[in-house]
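So the structure is just underneath, and the comments pick up after that.
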Amino acid sequence: MSDPALIRLSAITKTFGRGQAAFQALKGIDLAIEAGEFVAIMGPSGSGKSTAMNILGCLDTPTSGSYEFEGVRVEQLSRNQRALLRRHYLGFVFQGFNLLARTTALENVELPLIYRGEPAAARHAAARAALEQVGLAGWEHHTPGELSGGQQQRVAIARAIVTRPHVLLADEPTGNLDTHTGEEIMDLIGALNRDQGITVLMVTHEPDMAAHAKRVVRFVDGRVDSDRRNGEPA
Amino acid sequence: MLWNTLLLALRSIRRNLMRSFLTILGIVIGVAAVITMVTLGNGATRAVSDQISSMGSNLLMVRPGQRYGPGTEAAPNFKSADVEAIRNQITSAQAVAPVVSMSATAVYQARNWSTVVTGSNNDYFQAGNWELAAGRSFSETEERAGKTVCVIGDTVRDKLFGGQNPVGSEIRIKQFSCEVIGLLKAKGQSAMGSDQDDTVVMPLRTVQRRLTGSQDINRLSLSVREGASIDAAKDQLTLLLRERRNIAENEDDDFRVMDTRQIAETLTSTTKILTMLLGAVAAVSLLVGGIGIMNIMLVSVTERTREIGIRLAIGALEREVLLQFLIEAVVLSSLGGLIGIVIATAASIFLAGLMNVPYLFDPGINLLSFFFSAAIGVMFGFFPARRAASLNPIDALRHE
């Protein structure tokens, strides 16, 4: 507890619905993550791991508890401030890719930079570099419909890292991919963590994929069940 | 921010060409229909009032009318004596023309043409603003004796004589032949849409004797002297005719006196009603276009909601997303409105030419339908987006 954590969750709860139909997905989560970590969040369906991920990604708000991101109390931020936090510090990779349809890979990757107000030339250069980094040089002008699942996920990763985020949040990034392609994506994400020092939080239910992480947090029934570091050094 | 958002909006329009096209189409059809209908209606109204003013503003027309009530019978026609009495007693009358008309076939050599033969006198040309293109009008002897002479209109000349000069030739009407002594200058269509030049004019007596076989006169045309009051002349005429037709104090007129202003009002009010009717029908098509836009927007709302979720997740502010959708909606509906105006202008000019009415540009209806279409586009394009943008990003992303 000596150096301040990048992310600190304290007694986070999340309840969906009201009254009789209320369902408590998170029942008090305490979790600290430091810069440069590669954390896999595992757990069975309904354990609250995705809910926690969404709160970590500022896509959803906790019912109670406190969430500090680089010392900022996220639960006290306005909607727009949370959007700005996402814009400047976070990158997302989703299970379903979530690329804009009928939009070229280059334009998809450029999108966050447009919201950041980068000039066109810098935007193009950064997007090309990001696509090259994920191994998609030459595919800039293909739309998602013309790309394989693995390639689409690579575009999504390029879009997430083009802004040089502090934290990359990946929600089941390999869930829609075959094992071989999934391994490639995991290698890519591992390299981003190792070589660029991007903190990675990844939700997965596949132990093979979790094995790439340095630390595995296991959720059961809305609580942290276990939290341990993988034996293998990075 | 505005520039970037504009860029995003234009990109979005470009990559959803089908959706954009369908959105625009609804507006284009609606706007084009409304503008075309109203423009043509205005043109028709103008055409009618132009033609009426070409008749002259000092014209009175008298027809026998129907009396309503028990024992109704057709009102009697006028007699030559009525014409004389009017001439003598209504001092402000400049020309008094009795009119008897019937249709007949005119034959010249191998050509024949079905036309309207009118029996009248030289006053007819004066009251009707007719001018002679060639030849002469009737002499007094011809009028009194009912000679078989005629003055023909330009259409009749064209059909029977082609390019030839008709004056001096003989044409046959029914059982008699008749010398063409004059040719009238072309006047074109009448306010009622009939061809005024499709006419053969003969002395009244000739027509009465040889065609109708009676002394009756169907109607009277009067022109009132320059500077004299039309209303006064009308009152005098009404009084005189009531007296001559033995109409009791408490009975209604059994004839009608109309001046050109009245005729103009009657006819233009009809075309105005038609214009409004057409405009209303066209407004329905604008509305249907709007509903089309609404449908397309609603169909794509799932995809758009997910898109909004993606944009929010990667850090777009709610107002940036909204501004983008607003710009998209405004660009699409204005584009549709502009295309609609262009199509309407082309269609109006073309159809006005076809229908022989003047093309009148009406800025009011152009602006109105443009802004209405823009409002529809913004309403249906923007408000669904506003709902989506107010969702939690994760809910928008998971929208099914």
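The values are calculated or read from the model by the stated rules, or taken from the named source; none is laboratory data. As the structure is a prediction and not an experimental result, all values here were calculated from the model. Backbone-built Cβ (ideal geometry, glycine too); neighbour counts: all protein chains shown. Areas reflect the complete protein model, heavy atoms only, side chains present, ligands, DNA and RNA absent. Shrake-Rupley method; radii C 1.70, N 1.55, O 1.52, S 1.80 Å.
Here A:Lys49 is the anchor, and the lysines within straight C-alpha reach of less than 25 Å, apart from those fewer than 8 places off in the same chain, are A:Lys14, A:Lys27, A:Lys214. Farthest towards the positive end of the charge dipole of chain A, among the residues A:Phe23, A:Thr143, A:Ala126, is the Cα of A:Phe23, using unit charges on the Cβ of Lys, Arg, Asp and Glu. A 1.4 Å probe run over the protein chains yields, for the range A:7-225, 39 Å² of accessible area per residue, whole-number rounding. Spatial offset of the range A:112-180 relative to the range B:330-400 amounts to 37 Å, using the alpha carbon center of each. Applied to the range A:168-182, the Karplus parametrisation 6.51 cos²θ - 1.76 cosθ + 1.60 on θ = phi - 60° returns per-residue 3J(HN,Hα) values of 9, 9, 10, 9, 6, x, 10, x, 9, 10, 6, 4, 4, 4, x Hz, with x for Gly and Pro.
Accessible surface calculations at 1.4 Å, restricted to protein heavy atoms, place chain B at 48 Å² per residue. Expressed per residue, the C-alpha convex hull volume of the range A:7-225 stands at 125 Å³.
For chain A, give the percent of accessible area contributed by carbon and sulfur heavy atoms, probe 1.4 Å, rounded to a whole number.
Working: 4760 of 9890 Å².
Result for chain A: 48 percent of the exposed heavy-atom area is carbon or sulfur.
Taking the longest Cα principal axis of chain A as reference, the axis of helix A:149-161 is set at about 80 degrees.
Taking every residue in A:48-56, how many Cβ atoms of other protein chains lie within 10 Å of its Cβ, on average? Walk me through the numbers on the way to the answer.
On the way: counts 0, 0, 1, 1, 0, 1, 7, 1, 0.
Shielding by partners across A:48-56 averages 1.
Take each residue of peptide B:303-310, count the partner chain Cβ atoms within 10 Å of its Cβ, and average: the result is 3.
What fraction of the DSSP beta bridges in chain A is antiparallel, stated in percent and rounded to the nearest 5? Walk me through the numbers on the way to the answer.
Working: 21 of 38 bridges.
Among the beta bridges of chain A, antiparallel pairing accounts for roughly 55 percent.
Per-peptide packing, taken as the mean over residues of other Cβ atoms within 10 Å, places B:205-211, A:66-72 in the sequence B:205-211, A:66-72 from highest down. Name the helices (complete DSSP H segments) of chain B with a Cα length along the long axis of 18 Å or more and a Kyte-Doolittle mean of at least 0.0, or state none. Once both thresholds are applied, what remains is B:2-15, B:17-54, B:260-299, B:318-355, B:363-389.
Listed highest first by mean packing, meaning other Cβ atoms within 10 Å per residue, what order do B:375-382, B:111-118 come in? Please list the in-between numbers first.
On the way: B:375-382: 20.8, B:111-118: 17.9.
Per-residue Cβ counts within 10 Å, averaged per peptide and sorted highest first, yield B:375-382, B:111-118.
Highest mean packing comes first when the peptides A:35-43, B:86-94 are listed by Cβ atoms within 10 Å, giving A:35-43, B:86-94.
Using helices alone, I'd like the mean residue ellipticity at 222 nm for chain B: each DSSP H run of four-plus residues gives -39500 (n - 2.57), total over residue count, nearest 500. Can you show the working numbers first?
On the way: 13 runs with 224 residues, N = 400.
Mean residue ellipticity, 222 nm, calculated: -19000 deg cm²/dmol.
When both the range B:159-179 and the range A:19-68 are represented by their alpha-carbon centers, they are found 104 Å apart. The range B:252-317 and the range B:99-156 have Cα centres spaced 49 Å apart.
Restricting to bridges with both residues inside the protein assembly as shown, how much of the DSSP beta-bridge set is antiparallel, in percent to the nearest 5? Antiparallel bridges make up about 70 percent of those DSSP assigns within the protein assembly as shown.
Averaged across the residues of B:314-324, what count of C-beta atoms belonging to other chains lies within 10 Å of each residue's C-beta?
Going residue by residue through B:314-324 and averaging, the value is 6.
Give me the angle, in degrees from 0 to 90, between the Cα long axis of helix A:79-89 and the longest principal axis of the Cα atoms of chain A, rounded to the nearest 10. The answer is roughly 60 degrees.
Considering only Cα-Cα distances, which of the following residue pairs are longer than 27 Å: B:Lys159/B:Lys234; B:Lys79/B:Lys185; B:Lys174/B:Lys234; B:Lys79/B:Lys159; B:Lys147/B:Lys185; B:Lys187/B:Lys272? Mind showing how you got there, number by number?
Working: B:Lys159/B:Lys234 39 Å; B:Lys79/B:Lys185 30 Å; B:Lys174/B:Lys234 38 Å; B:Lys79/B:Lys159 34 Å; B:Lys147/B:Lys185 23 Å; B:Lys187/B:Lys272 24 Å.
Violating the 27 Å Cα-Cα cut-off are B:Lys159/B:Lys234; B:Lys79/B:Lys185; B:Lys174/B:Lys234; B:Lys79/B:Lys159.
DSSP beta bridges fully contained in the range B:77-244 are about 75 percent antiparallel.
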